[in-house]
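Remarks on the structure that follows.
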Amino acid sequence: MLQYTTIQGLREAMRSARKAGKSLGLVPTMGYLHAGHIAICETARRECDLVVVSIFVNPLQFAPSEDLESYPRDLDRDLGILSQTGVDAVFTPSVEEMYPETMETWVSVPSLSQTLEGKSRPTHFQGVATVVLKLFSIVQPDIAYFGQKDGQQVAVVRRMVRDLQLPLEVHVVPTVRETDGLAMSSRNVYLDPPARASALALSRALFAGRALLEAGERRGAAVQQAMEAVLTGDSAVRMDYAAVVQADSLVPQDRVQGRTMLAVAAYVGRARLLDNLMLDVGPSGVRDLLTPS
Ligand code: PAF
């Protein structure tokens, strides 16, 4: 596995690979890798000739009050995991390499960025979209891979790709869960044992919402209330939101039908956690849109 720390070095390597006719897959990450990232890399490995993983804790997507400084990092461990996963190249730029000057240019997708996460993190998605576009321009991948756990991020990136007609595909890989249902996240490291137990409220809330839909409920408000009841049922969980939205536009659904995202966010101990389910809700049934392979 080759490691690149400069944009120029990576660009040159990607140019040669493209010339040699190789298809390129990009997996953008902020490191501190877990089984969810490994599943994404394995999908990329199956679908592309050459897989590049970027590891960059992007300051642009953290508000001053957020956990940029304390965000978990362990590059040596990450490099070990990636070399065992069969990744070809890893890009580990410094902040100075990615942002040599104060940024004056930003990418924003306002309608998808202001809802859900955007209400408590108003500048987050312009930071995400800007760094993702920058990574796309450096690597010029055929396929870029994202995890479904960050469902709103997926909607923002897909829309950016569509609006800017970028010549790549976005592939989304299902969330990997611990056996008890907790979605894998780098921020789970913040959870002490009691908080770890309380964090299960997020997946339980989603499963309660899905069970209600499976039982035939189609009122969005009723499904939302069922999810809220689970989240507020544990005093160690501070709910941010529980929402039932159309999966691509993120517009709340009064009557639930078609591509639907059930989404929750909550503070548990020191961690702010997210989770979601992507469902196809039909007149006679409910189907998971993404199922683990
Ligand atoms: O999902 C993440 O880890 C980050 O938001 C991303 C896509 C790597 C951009 O910094």
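Placing a pseudo-label 7 Å from each Cα along the Cα-to-Cβ vector at ARG11 and ALA211 gives an inter-label distance of 5.4 nm. The 1.4 Å probe gives accessible areas that order HIS171, HIS37, largest first, as HIS171, HIS37.
Taking Lys and Arg as +1 and Asp and Glu as -1, the other residues whose beta-carbon sits under 14 Å from that of ARG177 total 0. Once the other residues with Cβ under 11 Å from the Cβ of ARG270 are scored (Lys, Arg +1; Asp, Glu -1), what is the net sum? My count for the surroundings of ARG270 gives 0.
The average projected area of the range 97-177, computed from the convex hull of its Cα atoms over all directions, is 6.2 nm². Label-to-label distance for ARG18 and GLN84 is 3.4 nm, based on points extended 7 Å past Cα in the beta-carbon direction. With the cut-off at under 18 Å, measuring from each backbone N in the range 190-222 to a point 7 Å along the Cα-to-Cβ line of ARG255 picks out 213-222.
Among the chymotrypsin sites (Phe, Trp or Tyr not before Pro) in the range 74-164, those placed in a DSSP loop whose Cβ has at most 14 other Cβ atoms within 10 Å are TRP106. Within the range 50-107, report the GluC sites (Glu not before Pro) that DSSP leaves as loop and that have at most 11 other Cβ atoms within 10 Å. Counting only loop positions with at most 11 other Cβ atoms within 10 Å, the GluC sites (Glu not before Pro) in the range 50-107 are GLU69, GLU101, GLU104. The distance separating the Cα centre of the range 82-129 from that of the range 142-159 comes to 12 Å. Using a Förster distance of 45 angstrom, determine the FRET efficiency expected from the C-beta separation of ARG77 and SER284, and round it to 0.05. Step by step, r from the Cβ atoms, then E = 0.45.
The values are calculated or read from the model by the stated rules, or taken from the named source; none is laboratory data. Remember, it's a predicted structure, so these values are computed and weren't measured experimentally. Cβ coordinates were reconstructed from backbone atoms using ideal geometry, including for glycine residues, and neighbour counts include every protein chain displayed. Ligands, DNA and RNA are stripped out before the accessible areas are found, and what is left, the full protein with its side chains, is counted by its heavy atoms. Shrake-Rupley method; radii C 1.70, N 1.55, O 1.52, S 1.80 Å.
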